[in-house]
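Nothing in this text is a laboratory measurement; each read-out follows from the coordinates by a stated rule. All values derive from a computational prediction rather than experimental measurement. Counting neighbours? That spans all protein chains shown, and the Cβs are built from the backbone with ideal geometry, glycine included.
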């Protein structure tokens, strides 16, 4: 390889001009900043993509992601503050599932804009394989019985693995198909017990590839049948759920047929806001560490170790019903309550 030191000034000038040409060629959106911008009225307002992108079904967001992958760029979703009667929130409507392709060493940043998924079925946002990436998103709102966010690696992308790993995700809010209001409609704070709470807030789906060693932060999850769901090969993740509320079931780690989720660290506050029936956390996997706080559930338990659960540790800050149905009885609880009992001796401690 030729040394730069030995190059003539003329050769260096040619390389500099070539670099400028490549950075500004028509096929590369704003090459000089190495970032693609989705804006509220893009591309008419100066953004690279947006709701005015011809033929878009995702307000230009899918097109921006596809371009970023092809051009090795990052993405920024422009937001804007919402002031009642003065400004309106920035909303990017999704009329089909937003599919985030496999990425490596990629970053997506966002203002606190809203991604609003309009169909009544299907998943709103789906992440394929990711490695060493960073995602920060605002509010994702769904009207569907599917997942608001589903992480499901299916493509052998990063280093030829089907995997989501070494990646940080931050979400301001995930709103499920039940909506964000107890009464089922905006500004109605009176709980409607007949209202249907549907969809999953965050689903880590490791059925086809592993989801391992990531950091995930969700400030608010609301209005779901299940707030947080882990299935398949999901392990060694750190998950912080600041407030899972107004959900039927708040946390579920696996199932009787799928006890694979293991060695995850989960911290969450859970508040059903009076929904009956409802439950807190159900654990089917092994080796997980849970730090839980909750407001009372009308009749349901705040924590259940199911039959396949083993070697889990739960630190429980709040008083409530805990049940251990496990066969091994190897799960441990550190709690304000008296020591937990077997399912055959269930008691609610005073």
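Could you put 306, 185 in order, starting from the residue whose Cβ has the fewest other Cβ atoms within 10 Å? Mind dumping the intermediate values first?
Numbers: 306 21, 185 10.
Going from sparsest to densest Cβ surroundings: 185, 306.
Here the Gaussian network model covers the chain, with springs between Cα atoms less than 10 Å apart; of 159, 276, 128, 159 fluctuates the most. Rank 80, 227, 287 by mean-square fluctuation in a GNM of the chain with C-alpha springs under 10 angstrom and give only the top-ranked residue. Ranking 80, 227, 287 by mean-square fluctuation puts 80 first. The alpha carbons of segment 70-191 stretch over 50, 31, 23 Å along the principal axes, in descending order.
Could you give the length gained by full extension between residue 71 and residue 168, i.e. 0.36 nm per residue of separation minus their alpha carbon distance, to one decimal place?
Values: separation 97, 0.36 × 97 = 34.92 nm, distance 2.20 nm.
Additional length available on full extension: 32.7 nm.
Between helix 9-23 and the chain there is an angle of about 50 degrees, using the helix long axis and the longest principal axis of the Cα atoms.
Out of every Cα-Cα pair in the chain, what percent are more than 39 Å apart? Pairs farther apart than 39 Å: 23 percent.
GNM remark for the chain: springs join alpha carbons under 10 Å apart, and the peak mean-square fluctuation among 330, 110, 81 falls on 81. Between residue 276 and residue 160, the modelled labels are 5.9 nm apart [label points 7 Å from Cα along Cα→Cβ].
Return the calculated 222 nm mean residue ellipticity for the chain, to the nearest 500 deg cm²/dmol, obtained by summing -39500 (n - 2.57) across DSSP H runs with n ≥ 4 and dividing by the residue count.
After summing the helix terms and dividing by the residues of the chain, the value is -2500 deg cm²/dmol.
For segment 132-224, the equivalent ellipsoid derived from the Cα gyration tensor has semi-axes of 31, 14, 8 Å, listed largest first. For the chain, the longest principal axis of the alpha carbon atoms and the long axis of helix 61-71 meet at an angle near 60°. Label-to-label distance, residue 134 versus residue 332, with points set 7 angstrom from Cα along the beta-carbon direction: 3.6 nm. Residues within the reach of a label modelled at residue 289 (point 7 angstrom out along Cα to beta-carbon, backbone nitrogen below 13 Å), restricted to segment 157-198: there are none.
Ranking of 205, 263, 271 by neighbouring Cβ atoms within 10 Å, starting from the fewest: 263, 271, 205. Exposure proxy shown here: for 207, 39, the number of other Cβ atoms within 10 Å sets the order, fewest to most, as 207, 39. Modelled this way, with points 7 Å down the Cα-to-C-beta line, the labels at residue 41 and residue 313 are 5.6 nm from one another.
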